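Peer 1: Mind looking over this structure? Questions follow.
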Amino acid sequence: MPDRFQAAREAGFRAVEFHFPYQWPGSDLAGCLDEHGLEQVLINAPPGDWEAGERGIAALPGREGEFRESLGLAIEYAETLNCPQIHVMAGLVDEAGRSKALDTFRENLSFAATECERHGVAMLIEALNPVDVPGYLISDTEAARAVVDTVDHDNLFLQYDLYHGAMNGEDMASVIEANLDVIGHMQVAGVPGRHEPDDRCPLDYPALFRAIDGLGYEGWIGCEYSPRSGGSGTLESLGWATEYGLGALAP
């Protein structure tokens, strides 16, 4: 893991995100960030038992205490890493329990947004498309925005993943424009397959990036994809991003 910070910097990145930092001491990670001049812009709160298939606990009735404890750990790491945003995952639910899960999610988010605000950290939620993550409580942007509006907290924002938006068939430029007031972070990957967003992807991502800039978005867009050639091909997979100063040709 420590080697990845150097690799990211050498590839031209100025900031990084990673899902779950909790298996490493926060001070060690902070040292890596400082050593390589990188910003940590996003972490996820603990998601429950990931290996057992859990994808968050914020919407799971009966686990409110566990959620609050996990949020405290996430805030601790965010402060150590000087990270301004925490993404909270809702979890997998069945249709019969959906209504109760939504109520639980809203209540937990209200608590979490307030607690994070006390520490100067923004709270994010994200829609995960039902093809890749069946059963996830929040599957599209409309549902995610509805939660944000219902909770109605100034410190609750959307994490908009262009990949999930594309998988849901959303008009992404229009969706971004309509939700720009609550979008705190974005991510990108090619469709289909969640590989690099290059010219083998049917979507015109360069045009979309220009549109996003034109709308005045000032946040980050994280490269959350798996290179077609596997993990050893990460640097080579950034060929699409050389115009943004990334990849093997990065200064």
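Please treat every number below as a calculation from the coordinates, not as lab data. Computed from a prediction, not measured in an experiment: that's the story for all the values here. All Cβ positions, even for glycine, are placed from backbone atoms using ideal geometry, and neighbour counts span all protein chains on display.
Peer 1: For residue 227, what charge total do you get from the other residues with a beta carbon under 13 Å from its beta carbon, if Lys and Arg give +1 and Asp and Glu give -1?
Peer 2: The answer is -1.
Peer 1: Sort 5, 20 so the one with the fewest other Cβ atoms within 10 Å of its own Cβ comes first.
Peer 2: Ascending Cβ contact count within 10 Å gives the list 20, 5.
Peer 1: Now, a different point. What's the local net charge at residue 41, with K and R +1, D and E -1, over the other residues with C-beta under 13 Å away?
Peer 2: -3
Peer 1: May I ask you to sort 160, 217 by Cβ crowding, counting other Cβ atoms within 10 Å and putting the fewest first?
Peer 2: 217, 160
Peer 1: Can you compute log10 of I(q)/I(0) for the stretch 147-251 with the Debye formula, treating each Cα as one identical point scatterer, at q = 0.14, 0.24 Å⁻¹?
Peer 2: Each listed q corresponds, in turn, to -0.58, -1.38.
Peer 1: Cut-off 16 Å, label point 7 angstrom out along Cα-to-Cβ of residue 132: give me the residues of the stretch 1-37 whose amide nitrogen falls inside.
Peer 2: Flagged as within label range: 17-20.
Peer 1: Next question, about the same structure. Just want the ordering: 87, 19, from fewest to most Cβ atoms lying within 10 Å of their own Cβ.
Peer 2: By the 10 Å Cβ count, ascending: 19, 87.
Peer 1: Treating the Cα atoms of the stretch 40-244 as identical point scatterers in vacuum, please give the log10 of the normalised Debye intensity I(q)/I(0) at q = 0.10, 0.17, 0.18, 0.19 Å⁻¹, two decimals.
Peer 2: -0.43, -1.22, -1.34, -1.45
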